[in-house]
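Have a look at the structure below before the remarks.
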Amino acid sequence: EMTAGQRRLLRALLTPRAAPPALGDELSAAAVQDGTGAALEPPRGLRPEWQTVFERFPRGEYRDIECDRVRGGFVLWPDVRENALLLDRRWRDLDLPEAACEEIGTVFLESTLVLASPRRAASECALGTLTAALLPLICAGHCGLASEAAGTGLGELGGQAAVEAFQWLWKEALAGPQALPAYMLGTTTWPIAALMAKWQAHCRAAGVATVAPAMPTLPDVCRMPEVDSFTGIIESMADASLMPMLWRPGEAVNKERSVGEFASVMIPALANFMNSAAAAAPGFIEDCPSVATAQGTMLVLLRLLGPPVVTDPLHGARMAELGSQLAALPLAELIGRTPHAVLAALAASRWLTWRSHRLYGGGADVPLAEVRSALEMGLTCLRDAPGPHPEEAPGRYGSGLLESLHEHGAARAALWGRISMASEDGALGPLWGQIARWLLSGEPSPGAAAAAAWPGPPAPAGGSPTPPVFFTMAFGAIPEHWLRSFLTRAFDVGVTRLTFVTPTRELVRVCEAVAAEEQAEAKLLCVRLFVPFARHYDFNNKAKFYLFPIMFALGVDVIWLDLDIFLFKNPAPRMLEQAYAPGQWPKDVLVTDHFDEHCINHGVFIVRSSDRSLLWLLEYIRWLHWYPYGHDQNGWDAFLVHSIVEPQMPQDLRQNPAINVSYGLLNTERVCPAQPSRAAALHDNAGHHRAHEEEQAHGALQRHRPTLWRRYGRPAAPGHGHLEGAGQAADQLADGEAPLLRGHPHRRRRAPPERPLRGVAGLMAPRGAAAGRRCAARRAAMRVG
């Protein structure tokens with residue numbers, strides 16, 4: 001907990017003396033590097049209103065930072081990473097792990113290829129190339145000095161040529177045309193920062209690197225007492241708090257607490273240094289690059305522990321400056337003079353991330369090239385479709401390519417058929433074909449039936465919108481009865497299409513069994529997600545968004561429901577009514593706010609299929625992929641320009657109409673007006689997950705009421721009279737106007753002491769200490785929808 005004075009100091013430290021970049025000065029250069037900058041040439045003969053989606057569409061895939069999907073013909077990158085991680089695990093103290101170096105000796109054969117042709121290797125995998133060049137230097141034991149490599153048995157791998165190759169690769173990775181942010185030295189699965197911090201600590205203890213003849217004499221300003229005091233404090237605190245996490249990561253009990261302990265001592269030292277004569281001296285950054293790098297890295301770590309600021313050290317311009325400072329350090333000075341707190345802090349920042357960089361890179365499951373191909377197929381289907389076209393009389397629906405597909409039933413069905421055939425022919429991935437065939441199997445017949453199936457406002461003349469597709473996901477220890485209850489409840493209230501995503505084999509089996517038992521193969525699509533797990537939110541941040549570009553390209557709106565939600569009615573009509581309300585331009589996104597905080601909670605939302613929604617979502621996915629420190633919910637808020645500011649956002653998010661989506665807030669205050677006390681009783685029942693074995697189902701929810709207290713809970717002793725009121729409230733809600741019942745802070749109920757609830761229907765508890773860094777952790781305890 002910080003005092004008001006400490007918060008002011010933090011903001012002052014994070015504010016540079018130079019002219020600050022404008023709010024939203026994001027990683028525009030990285031957008032080009034990441035394949036989302038300049039667009040490809042749009043198809044010829046487009047209607048003007050259809051050009052934007054092609055002109056703004058990303059020109060390439062998201063960059064494969066981790067090199068998980070690199071199919072080069074030069075270096076075996078998985079072998080390099082596996083051996084680097086092995087060395088990192090075995091290196092547990094200041095002594096060089098000679099046995100581990102011998103064990104990974106085979107990877108040095110890959111290193112010879114890297115040294116022979118570093119440019120070619122770097123073009124395949126920048127961080128892998130840097131790692132391959134680093135490993136033999138560490139095992140040679142020369143601490144950045146080629147003269148120390150004699151007799152190591154590594155030959156040229158430990159010689160001057162290897163040092164020069166590493167220094168070139170180091171500069172290219174951090175300050176070259178395809179530069180990566182410096183934090184990726186620690187946040188990726190390539191353990192570069194951790195290995196280099198250990199290398200520095202080893203060399204300092206051995207007393208080797210400080211006598212490097214290649215290092216020039218420091219100017220007097222770099223040897224002032226305040227400089228020595230600052231570097232000495234962060235060095236000692238790094239040894240006490242950060243290095244133990246790197247030496248033995250599995251034994252560190254609370255890594256966030258260790259980072260906080262380091263910061264608590266580092267803050268006053270940094271403040272004193274930044275206000276000193278040394279830091280204010282002209283040319284200090286150029287004369288003392290190792291100390292300037294330490295200052296910049298400490299500011300980044302402070303920002304990760306504190307709130308966003310206007311002049312954010314994590315903005316693209318300031319990250320590029322830090323990368324340039326690191327890149328300018330020769331290897332000898334990097335190992336011999338730069339405080340190892342710099343690389344230790346970058347390595348420790350991995351434990352402040354929400355997700356890894358392994359979710360969307362290199363095309364992953366839904367390559368952007370396939371999305372563009374689907375858009376071009378949709379364009380052809382619209383041109384060839386008979387009858388009146390919605391874009392000729394767009395009304396309030398819009399006239400973009402995807403808006404037109406959304407409204408034109410014949411063109412949309414033709415597109416789904418073409419997508420299915422293209423998938424069978426190999427032009428598109430199998431996932432496209434599965435989804436297209438599933439949509440076709442559940443599509444109503446044309447004409448009046450299709451219009452009747454649209455649970456929203458009247459369709460425009462000549463149009464027949466398709467019902468939205470609901471999405472949800474589950475992973476981890478989710479009970480089978482819980483998932484069954486959620487899926488069957490969705491069918492009970494009239495949900496026509498539901499996609500369930502999970503990485504778990506057993507949950508896929510349960511989903512398929514429910515589809516067969518309920519004869520709902522045309523309603524329920526079960527999708528298994530394959531993603532290498534590295535951070536806590538990897539499954540969540542992948543499963544929740546990666547299929548949306550497919551649905552948008554097929555002209556389908558999507559509705560998301562978290563699995564901790566109870567449905568009283570089908571929410572689609574209410575949400576579509578608000579999204580496509582007469583007399584106003586349609587909302588691209590509708591989402592809920594928190595009960596007690598002004599920040600987005602995207603446990604329930606709808607996104608309509610529009611050109612703008614697709615381009616906006618692709619930018620959001622790029623942000624998730626590139627920037628691992630921002631919580632996905634805070635990013636969703638920032639991308640809607642609601643209440644939160646995050647770094648490395650699209651530079652023109654607020655000005656470019658192609659991605660500046662319209663949005664609205666779903667009403668979270670709606671309860672049954674006739675029976676508020678019974679609605680509260682229903683909250684109490686859902687929150688406690690209690691069952692009443694003697695309760696008899698009746699009324700409109702005769703089949704559904706057991707979902708509330710038998711399927712979702714365990715039997716309880718009879719005599720809970722309030723359940724009868726809860727059942728009556730559920731009956732009336734089913735016949736009334738409110739499909740979503742949401743809790744209020746004053747209705748918070750505590751779980752029974754014998755079984756505290758976490759992340760289940762009726763109660764959403766904060767997820768660990770890390771939840772304190774995000775607004776989402778302050779959810780109201782009750783959430784029933």
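The values are calculated or read from the model by the stated rules, or taken from the named source; none is laboratory data. No experiment lies behind these values; they were computed from the predicted model shown. Backbone-built Cβ (ideal geometry, glycine too); neighbour counts: all protein chains shown. Only protein heavy atoms, including side chains, enter the accessible area calculation; ligands, DNA and RNA are left aside. Shrake-Rupley method; radii C 1.70, N 1.55, O 1.52, S 1.80 Å.
Where does the Debye-calculated log10 I(q)/I(0) of region 528-584 sit at q = 0.22, 0.24 Å⁻¹, using only Cα point scatterers of equal weight, no solvent? For the requested q values the scattering log ratios are -1.04, -1.10. Accessible surface comparison of TRP247, TRP170, TRP585, probe 1.4 Å, protein chains only, largest first: the order is TRP585, TRP247, TRP170. Taking 0.36 nm per residue of sequence separation and removing the Cα-Cα distance, the ASP79/ASP93 pair yields an extension gain of 2.6 nm. With 25 Å as the limit, write out which pairs from LYS198/LYS255; LYS544/LYS569; LYS171/LYS544; LYS544/LYS587; LYS255/LYS544 have Cα-Cα distances beyond it, or answer none. Violating the 25 Å Cα-Cα cut-off are LYS171/LYS544; LYS255/LYS544.
For LEU665, put the label point 7 Å out on the Cα→Cβ axis and report which residues of region 580-599 keep their amide N under 16 Å from it. Output list for this probe position: 589-599. Charge tally around LEU525: other residues with Cβ under 12 Å, Lys/Arg +1 each, Asp/Glu -1 each, net +2.
Would you please classify the overall shape of region 565-618 from the alpha carbon gyration tensor, given that a ≥ b ≥ c denote the square roots of the eigenvalues, rounded means a/c under 1.5, and beyond that prolate means a/b larger than b/c while oblate covers the rest? In terms of gyration-tensor shape, oblate. Computed over protein heavy atoms with a 1.4 angstrom probe, the accessible surface ordering of HIS481, HIS602, largest first, is HIS481, HIS602. The length gained by stretching the chain between GLU577 and THR380 to full extension, at 0.36 nm per residue less their Cα-Cα distance, is 67.9 nm. Per-residue Karplus couplings for region 409-416, computed as 6.51 cos²θ - 1.76 cosθ + 1.60 with θ equal to phi - 60°, are listed in order as x, 5, 5, 5, 5, 5, 5, 4 Hz, Gly and Pro entered as x.
Summing charges over all other residues whose Cβ lies under 11 Å from the Cβ of VAL501, with Lys and Arg as +1 and Asp and Glu as -1, gives +2. When all alpha carbon pairs of region 211-362 are counted in 10 Å bins from zero, the resulting P(r) reads 10, 38, 37, 13, 2 %. Karplus-based coupling profile of region 371-385, in residue order and whole Hz: 4, 5, 4, 5, 5, 5, 5, x, 4, 5, 5, 5, 5, 8, 5, with θ = phi - 60° in 6.51 cos²θ - 1.76 cosθ + 1.60 and x standing for Gly or Pro. Hey, with R₀ at 30 Å, roughly what FRET efficiency would ASP220 and GLU261 work out to, going by the Cβ-Cβ distance, to 0.05? It comes out at approximately 0.35.
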